[in-house]
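Notes for the one structure printed next.
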Protein chains: 2
Amino acid sequence: MMNKFKNLQDELENVALDLNEKMDVLLPEVAKCGEAKVLEAMRYSTLSPGKKMRPFLVATTASLFGVGREISLQAASAIEFIHVYSLIHDDLPAMDDDDMRRGQPACHIKFGEAAAILAGDGLLTLAFDILADESTHPSPNVRCELIQAAAKASGVSGMVGGQMMDLNAQHDKLTIDEIIHLQRMKTGALFRLSCEAGAILGKSGQKQRIALRGYANAIGLAFQITDDLLDAEGSERETGKPVRQDKSKGKATLVSALGVDRARNQAKMLIQQAQTHLESFDKRADILRELANYIIERKR
Amino acid sequence: MMNKFKNLQDELENVALDLNEKMDVLLPEVAKCGEAKVLEAMRYSTLSPGKKMRPFLVATTASLFGVGREISLQAASAIEFIHVYSLIHDDLPAMDDDDMRRGQPACHIKFGEAAAILAGDGLLTLAFDILADESTHPSPNVRCELIQAAAKASGVSGMVGGQMMDLNAQHDKLTIDEIIHLQRMKTGALFRLSCEAGAILGKSGQKQRIALRGYANAIGLAFQITDDLLDAEGSERETGKPVRQDKSKGKATLVSALGVDRARNQAKMLIQQAQTHLESFDKRADILRELANYIIERKR
C-alpha cells in the first residue's frame, strides 16, 4: 500500500508541510494579551496533524491551470481554516459532543467551551479576511468569486445546513437519497469548494470547472463512505480515532443503509465516475487520479 | 425628549423598516427541509426589534458621499447579520449566559444551543456571501475592501478578541485604559466598521475616512457608557432589558471604575469630540450630529 501510493503520499506530505508553514504565518501570533487564549486555541486546532486533503485538492486543481503552489497555498489555508472551524464547532457538547479530534483532545476539552466557540468564529472570519486580501490573487473579481464560493459551501446551503440536518434527523428513518443529500451538504460542499477554488484561481473555463465539480462530488462521497467503513470495520489503533461511533450514536450512513459490501461497491463506482470526470485533463491530473484510488483504499 | 429628536427618530425608524424588508429578502426562506430550524433561528434573531444603530450608521455615512439607500442597505444588512451573530453567540450558556435579548427569549432558549450556534455561524457566513455579491457594489475592489474591513472588525483583532478578553478578565483588577481597550474591541469595532463601510461604499478620501473613524470611536464609547449608565440607574420597564447586570456579574465598566458622575461627563466629552470630527462635513452630516447627542440622552 505504501509503495503503490508513494508518489501521492509524498505529495500529500509536501503540501501538508508547506501548508503548516503558511498557516503559521497567517494565524495571529500569541502575545501576552487578554485574548491570548482564543489565539492559542486557533493555533492548537489548525496546526494539529491532519490529512490536509482539502488544501491538497486546492493546490492540485490549481496546478492544472498553471497556478503555482505559493499562490494556491493562501486560498488553501483559508479553506483549511473553514474546515477546522467546522470541526471545532461540531465537536462541542451541544453538537456532536466529541472529546477527541485528530488524536488529541478536542478544542473545547483543551481550552473550554467559550474559547472553542470563539476560536471557531475567529477562524471562519480569518478565512474571509485572507480570501479578500490582495496577496491571495491579484484580481479582485477572482477574490470575490472565491469568497462567494466559500460562503455558499460553508453556510446554510452547505456545511451549516448539513450539520443542522444531521442533528435533527431521525436517523432510523432516513432514506438512502436523504443520507446522500445530507452528506453532500455536510462534507461534500467543502470538497467541491476545494476543487472549484483551484479552477477559480486558475480562471478555468466553465467546462473544466464542471468536470472538477463532478470529480469532487464523487470523491467526496467515496471519502465519506470509506470513513464510515473504517468506523464500522477498522480499529482505533489503525484509524487514529474511536471506532463504532456511528452505530453507538445511531447515525445513519450509507454503510448502515446499504450494508458493508454494497457500500464498498458504491464507493468503487464513485471512484470510476471520478476518473471519468478527469478524462479531459492531461497527465498533470494523474495525481488526482491516484488520489481517487487512494481515497477508498486508505486505512485511516 | 421625543420632540427634540423627532427628525432623528423618524429617520432611525425609516432605516429600520427598510432594513427589515431588505433582510427579509436576503435571508434564506424557511421551507420544509431538514435544516429548517437553523433558518427559523436566523430569521427570529435578525428580524426582532432592535435599534438598528449600526445599519443606520452605514446608510447615513454612505449618504454623505451620495450613495443611495437602496445600495447602502445591502452592506448594512450584512453588518447587522454580523452584529446579530455576535449577540447569539455571546448569549450562549458557555459565554455570557443571557436568557433574554431584545425583549424576547434568546436564540438558544427558543431553538436550543446547537441551532443557536449554527444560526450564528450561518449569519456570519451569509454576511460575507452578501458583501462579495455584485449587487452590493459594482466594483469588486470596493467589495473586497468591505469584506476585509468587516473581517478585521469581527475577528480576533475586534469583536472575537474583545469577547475573549471580557470573559477572561479579572474584572476587579482592570484599569480604566484596559476597560476602554476592551470596549473598543468588543463593541467599538462594529461602530467603526459601520461608519467606514459608508466611506468605502462612497469611495471617500482618506481624510474623510479618518474623520468618520474618529466619530465612530467617540460615539461607540459614549454609547457603551450610556448603556452602562442605564444598567446602573435605569429600570427594566424603561430600558426593555434586565438592569443591574454589570454589578451582579461583577463586570468592570467605565461607570464602575469612574462612578456615575464622572462617567456621564466622560460621555459628554466624547460627544463633543464626535462633533469635532464632523466639522469638515456639510449639513448632510446634521443627522450624525443629532445622533451623537441622542446617544447619551436616550433612555433605552
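Assorted remarks:
- Distance between the modelled labels on B:ASP97 and B:LYS283, one decimal in nanometres: 5.5 nm (7 Å Cα→Cβ projection).
- In nm, spacing of pseudo-spin labels at B:MET269 and A:LYS249 (7 Å Cα→C-beta vector): 5.4 nm
- Dividing the helix sum by the residues of the protein assembly as shown, where each DSSP H run of 4 or more adds -39500 (n - 2.57), gives a mean residue ellipticity at 222 nm of -22000 deg cm²/dmol.
- Packing here is the average count of other Cβ atoms within 10 Å per residue, and on that basis the peptides B:96-107, A:24-35, B:46-57, highest first, run B:46-57, B:96-107, A:24-35.
- Rolling a 1.4 Å probe across the protein heavy atoms gives chain B an accessible surface of 41 Å² per residue.
- Label point distance in nm, B:LYS6-B:ILE176, each placed 7 Å from Cα along Cα→Cβ: 4.0 nm
- All Cα-Cα separations within region B:132-183 were binned at 5 Å from zero, giving a P(r) of 4, 19, 19, 15, 11, 10, 9, 7, 5, 2, each value a whole percent of the pairs.
- Cβ crowding within 10 Å averaged over residues, with A:39-45, A:132-138 ranked highest first: A:39-45, A:132-138
- Remark: for residue pairs A:LYS110/A:LYS173; A:LYS186/A:LYS268; A:LYS4/A:LYS110, the C-alpha separation exceeds 27 Å in A:LYS110/A:LYS173; A:LYS4/A:LYS110.
- Copy-to-copy label distances for A:ALA31, where each label lies 7 Å from Cα along Cα-to-Cβ, are 4.8 nm in order of increasing length.
- Gyration tensor (alpha-carbon) shape descriptor, region B:21-104, a/c threshold 1.5: oblate
- Between B:LYS51 and B:LEU17, the contour length at 0.36 nm per residue exceeds the Cα-Cα span by 11.2 nm.
- For peptide B:27-37, the mean count of partner chain Cβ atoms within 10 Å of a residue's Cβ comes to 4.
- Counts of other chain beta carbons within 10 angstrom of each beta carbon in peptide B:176-182 average 1.
- Under 18 Å from the B:ARG262 label point (7 Å along Cα→beta-carbon), backbone N, region B:204-242: B:222, B:225-226, B:228-229, B:232
- Burial order of peptide ranges B:8-17, A:211-220 (average beta-carbon count within 10 Å, highest first): A:211-220, B:8-17
- Charge dipole magnitude, Cβ of K and R +1, D and E -1 - region B:6-297, Cα centre, debye nearest 20: 620 debye
- Between A:GLN74, A:VAL58, A:LEU27, the Cα set farthest toward the positive side of the dipole of region A:1-79 (charges on each charged residue's Cβ, about the Cα centre) is that of A:VAL58.
- Interface size, chains B and A: roughly 3700 Å² of accessible area buried, both sides included, 1.4 Å probe, rounded to the nearest 100.
- Cα gyration tensor shape of region B:192-264, rounded if a/c is under 1.5, else prolate or oblate by comparing a/b with b/c: prolate
- Averaged over peptide B:164-171, the number of partner chain Cβ atoms lying within 10 Å of each residue's Cβ comes to 5.
- Normalised by the number of residues in chain A, the mean separation of alpha-carbon contacts (under 8 Å, six or more apart) gives a relative contact order of 18 percent.
- Scaled radius of gyration (Cα, divided by 2.2 N^0.38 Å) that the protein assembly as shown gives: 0.99
- Across the identical copies, the 7 Å label point of A:ASP99, projected outward along Cα→Cβ, sits 3.1 nm from its counterparts, in ascending order.
- Accessible-area composition of region A:6-297, carbon plus sulfur, in percent [1.4 Å probe]: 49 percent
- Alpha carbon convex hull of chain A, volume per residue in cubic angstrom: 125 Å³
The values are calculated or read from the model by the stated rules, or taken from the named source; none is laboratory data. Every value quoted in this text rests on a predicted model; they were computed, and no experiment measured them. Backbone-built Cβ (ideal geometry, glycine too); neighbour counts: all protein chains shown. The accessibility values were calculated without ligands, DNA or RNA, using every heavy atom of the protein model including side chains. Shrake-Rupley method; radii C 1.70, N 1.55, O 1.52, S 1.80 Å.
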